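Have a look at the structure below before the remarks.
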Amino acid sequence: ESDAQLRRSLWREREAGRKQEQELEAAVEDRQRLARQCEDLKKSLASARKELQGAQARVAALEARIAGELDPLASETAFLAAVRVEYARRFDEADRLRYPLARMRVGRAFLESLRKLEGIDLEKVVEVCAQVASGRAHEIPGRAVHELTEGLAGRSILRPSDGAKAWRCALQVGTPSARRLHWWKVPAEAGPAIELASVAVHDEYSIPG
């Protein structure tokens, strides 16, 4: 092999080595840049979580003040505020992600049925309403969640005006005339809403429309 060929071969090897070094340096720089970006994202996420927790605490405090100043039975707004406070108290951050609170509203006869019904604490009704509105009630065996039907084994009850389906769950178990909570699950593009309809005794299967 001639000297010229040897020099060209050595030059190509040096160029290849130089290129590999440059590629390695670029890879190291990219890795360092990605590591910095990852750390920045972690800090941003931690800051966002802290801000969210602060906002949730402020909302809970406001709702607690509202609920403390107003009897939950005084108005629809007061009752829903009590449900949201109960949800904030009972559900931690992980639970709130798994069981997000659905949109809620109070039906025209709900508060009146609750005022008339005896033998159950208001706090228990509020607690179960929070479980229902978050979907948690479906996983609690004692709640015995099921569709409300026409009679003991009839068809599901649907509201013609909006296609809402009637549901029922237990507020109490193992007591005479155990109380039940009735609600409508109202379909919507943004996700179903929960319309609290009535509280009733075990043997009552009607639901206010």
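The values are calculated or read from the model by the stated rules, or taken from the named source; none is laboratory data. These figures come from a predicted structure and were not determined experimentally. Neighbour counts are summed over all protein chains in view; Cβ atoms, including those assigned to glycine, are modelled from backbone coordinates with ideal geometry. Accessible surface is based on the protein model in full, side chains and every heavy atom, while ligands, DNA and RNA are left aside. Shrake-Rupley method; radii C 1.70, N 1.55, O 1.52, S 1.80 Å.
Just give me the residues in the stretch 172-209 being β-branched (Val, Ile, Thr), more than 18 Å from the chain's Cα centre (by Cα) and under 15 Å from LEU158 (Cβ atoms), in sequence order. ILE207, the sole residue that qualifies. Given the structure, is TYR87 open to solvent by less than 90 Å² (accessible area, probe 1.4 Å), modelled with pLDDT of 90 or more, hydroxyl-bearing (Ser, Thr, Tyr) and in contact with a Phe, Trp or Tyr (Cβ under 8 Å, 6 or more places away or on another chain)? Against the criterion (open to solvent by less than 90 Å² (accessible area, probe 1.4 Å), modelled with pLDDT of 90 or more, hydroxyl-bearing (Ser, Thr, Tyr) and in contact with a Phe, Trp or Tyr (Cβ under 8 Å, 6 or more places away or on another chain)), TYR87 does not qualify. Restricting LYS43, LYS50 to residues that are within 30 Å of ALA88 (Cβ to Cβ) and modelled with pLDDT of 80 or more narrows the list to LYS43.
Residues that are in contact with a His (Cβ under 7 Å, 6 or more places away or on another chain), open to solvent by less than 10 Å² (accessible area, probe 1.4 Å) and of a type outside the set (Gly, Ala, Ser) within the stretch 164-198 comprise just one, ARG168. Looking at ALA61, is it surrounded by 10 or more Cβ atoms within 10 Å (Cβ to Cβ) and at pLDDT below 80? Here the answer is yes, as ALA61 does meet what is asked. I'd like to know if the stretch 187-202 contains one or more residues that are over 18 Å from ALA109 (Cβ atoms) and in contact with an Asp or Glu (Cβ under 6 Å, 6 or more places away or on another chain). No, the stretch 187-202 has no match at all.
Within the stretch 108-125, the set of residues being surrounded by fewer than 19 Cβ atoms within 10 Å (Cβ to Cβ) and in contact with a Pro (Cβ under 8 Å, 6 or more places away or on another chain) comprises ARG108, ALA109, SER113, LEU122. Pairing residues of the stretch 121-136 that are within 10 Å of LEU101 (Cα to Cα) with residues that are among the hydroxyl-bearing types (Ser, Thr, Tyr) and assigned to a helix (DSSP H, G or I), at Cβ distances under 8 Å and at least 6 apart in sequence or on separate chains, gives ALA130/TYR87; ALA133/TYR87; SER134/TYR87.
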